[in-house]
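Peer 1: Before I ask anything, here is the structure I am working with.
Nothing in this text is a laboratory measurement; each read-out follows from the coordinates by a stated rule. Just so it is clear, the model here is predicted, and its values are computed rather than measured. Methodologically, a virtual Cβ is constructed for each residue, glycine included, from the backbone with ideal geometry; neighbour enumeration extends over all protein chains shown.
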Amino acid sequence: MKIPAFIDSHLHMLGVGYYDEIINLGKVKSIEEIKALLLDSDRDIIIARGFNQENLIDKRMPNKNDFSNIEKPLVLFRICGHVAVVNQRMLDLLGIDDFTKQVSGGSFDIDTGLFQEKSLGLIYQAMPKPNKEDLKRYLIKANKILIENGITKVASDDFSSFGVPYEMVIEAINEVDVAGLLDVEITEQVNLPMEELRDFIKKGYVRRVYKNFKMGPLKILGDGSLGGRTAALNKPYEDDTLNIGILTYTDNELSELVELASQNDMDTVIHAIGDRAVDQAIKVIKKAQDKFPRKAEHNAIIHAQVTNKKQIDLMAKSGIGAIVQPIFINTDIKVVKERLGKRSEESYLFKTMYDKLKLGFSTDSPVETVNPMHNIYTAIARKSIDFPEYEPFLPSESFSIEEAIKAYTKNNLPYVYSQAHQDYIEINQDIFRVKYQAIKDIIVLKVYKNNKLIYERKN
């Protein structure tokens, strides 16, 4: 049957392609298994991503001492991308010791090799930087993966991925596009620090449109992740009672960024997972809206996982949308009650948001699979695919199939969706008639862009 092609309203397109080339720890079950995978690497600096300590039989975060037998510098990124573990060789390469100053908006521990949030910038400085040809290769790989999954439009955060100049990223995307190798339309979520944002604005990049590529809203990382215990909460974590997570900006720092964007006709989307970060995001966006009102404002909060109904009502009143990832339940179902306790009953309220706000579905890939069918299944079933033994999480927040598809297409955020969207796909089952358990297994057979066939599954 035919349905509209999908729009993913927040992912990391360069990351999707890059993740295809590095060591993938997504399926590992133990720290010993991680070590075995790393020993086969022939790279000067070993880089891997995707582990989740909750899925390890060790039931703990890896630390630098686990990798003392590895002679090369090593960095392991947790699945969320907000937390990393390095070995002593990497600490030596970075020149980090007891006298190294902590980073505002982040933290690191040289005894464990654990880095969180903005302290990851110290690691990025030592990692090999891709050149433009590398970026183009990542994009071409990501384009193929997305099209095969029936996704023809994305909002993508790419400027912050590798610590390379943002104009190199623009050039790489545009050159791939001009060469006819980019089928996916990209709206760039402009993730830049203050001085680079000023440069971006001064050079006239705001809302600039290329062929299949355009500049979109300012993107800000407001806090961390729930699984990594860096999401900023108003009250401590139930399973870490001295920890309330990390706000990566002060109120004044965040306001300065959002107001600069607003006065230069840019919307803002803010990553906020914890309720403290959500409070901060609502406050600064509303302040900027009042100070620099514009005709059509499409500001939004990305993730909004620990967001209660009072906050949702305030978002609705302030015209703030939401970009959410039902697929996060797939992983978080194991930890949400441990992390939040009773607060878990007012979290992941995506259907409540859908009823009150402009809401778009996304996957944050490569954090989770980019497969829309998995995302839709999770939105409907509120169950984990990887851990089916868990009961549905807050089933009262379930979507209907019609609602889920709308959140992935015509109800998506205006800056990425347009009424001219004529892309559609053919799938191997009637998604409206199959039992919901079968939705996750539906396969994309054909993809049409502007009514032209651009992909057909071979087997």
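Peer 1: Against the empirical 2.2 N^0.38 Å scaling, what ratio does the C-alpha Rg of region 333-373 come to?
Peer 2: 1.42
Peer 1: Quote the FRET efficiency, to the nearest 0.05, computed for E238 versus M168 with a Förster distance R0 of 51 Å and r equal to the Cβ-Cβ distance.
Peer 2: 0.70
Peer 1: Within the set of other residues whose C-beta is less than 14 Å from the C-beta of N65, count the net charge using Lys and Arg as +1 and Asp and Glu as -1.
Peer 2: -1
Peer 1: Less than 9 Å Cβ to Cβ from V83, Lys/Arg counted +1 and Asp/Glu -1: what total charge do the surrounding residues give?
Peer 2: In short, +1.
Peer 1: About the Cα centre of region 18-124, what is the dipole size in debye to 20, counting +1 per Lys and Arg Cβ and -1 per Asp and Glu Cβ, all else neutral?
Peer 2: 260 debye
Peer 1: Determine one quarter of the surface area of the Cα convex hull of region 18-124, which equals its mean projected area, and express it in nm² to one decimal.
Peer 2: Spelled out: convex hull of the Cα atoms, projected over all directions, averaged, 6.4 nm².
Peer 1: What does the convex hull of the alpha-carbon atoms of region 337-451 project to on average, in nm²?
Peer 2: Answer in nm², one decimal: 8.5.
Peer 1: Rounded, prolate or oblate: which fits region 316-400 when a ≥ b ≥ c are the square roots of the eigenvalues of the alpha-carbon gyration tensor, with rounded for a/c under 1.5 and prolate only if a/b beats b/c?
Peer 2: Judged from the Cα gyration tensor, region 316-400 comes out oblate (a/c at least 1.5, b/c at or above a/b).
Peer 1: Now a separate question. Simple spin-label model, 7 Å along Cα-to-Cβ: F387 to K27 in nm?
Peer 2: Distance between label points: 2.0 nm.
Peer 1: Rounded to the nearest 0.05, what FRET efficiency do L181 and Q429 have when you use their Cβ-Cβ distance and R0 = 35 Å?
Peer 2: My answer for the efficiency is 0.70.
Peer 1: While we're on this one: How compact and how long is the chain, expressed as Rg and Dmax of its alpha-carbon atoms in Å?
Peer 2: Both quantities, over Cα of the chain: 21.0, 63 Å.
Peer 1: On a full-extension model of 0.36 nm per residue, what is the gain between E196 and K342, subtracting their alpha-carbon distance, rounded to one decimal in nm?
Peer 2: Roughly 48.4 nm would be gained on extension.
Peer 1: For Q263, what is the net charge nearby, where nearby means another residue's Cβ is under 13 Å from its Cβ and Lys, Arg count +1, Asp, Glu -1?
Peer 2: Residues close to Q263 contribute a combined charge of -2.
Peer 1: Given Cα pairs under 8 Å that are at least 6 residues apart, what percent is the relative contact order of the chain?
Peer 2: Normalised by residue count, the contact order of the chain is 16 percent.
Peer 1: Given the DSSP H assignment, sum -39500 (n - 2.57) over each helix run of at least 4 residues in the chain and divide by its residue total; what's the result at 222 nm in deg cm²/dmol, nearest 500?
Peer 2: Estimated from H runs of four or more residues: -8500 deg cm²/dmol.
Peer 1: Provide the percentage of antiparallel DSSP beta bridges, counting only those with both residues in region 204-326; round to the nearest 5.
Peer 2: 15 percent
Peer 1: If you don't mind, there's one more thing I want to ask. Tell me, H303, H298 in order of fewest to most beta-carbon neighbours within 10 Å?
Peer 2: H298, H303
Peer 1: R0 = 35 Å: FRET efficiency of N264 with E402, Cβ-based, nearest 0.05?
Peer 2: Once rounded, the FRET efficiency stands at 0.40.
Peer 1: Determine the dipole magnitude for the chain: charges of +1 sit on the beta-carbon of Lys and Arg, -1 on that of Asp and Glu, nothing else is charged, the reference point is the Cα centre, and the result goes in debye to the nearest 20.
Peer 2: 1320 debye
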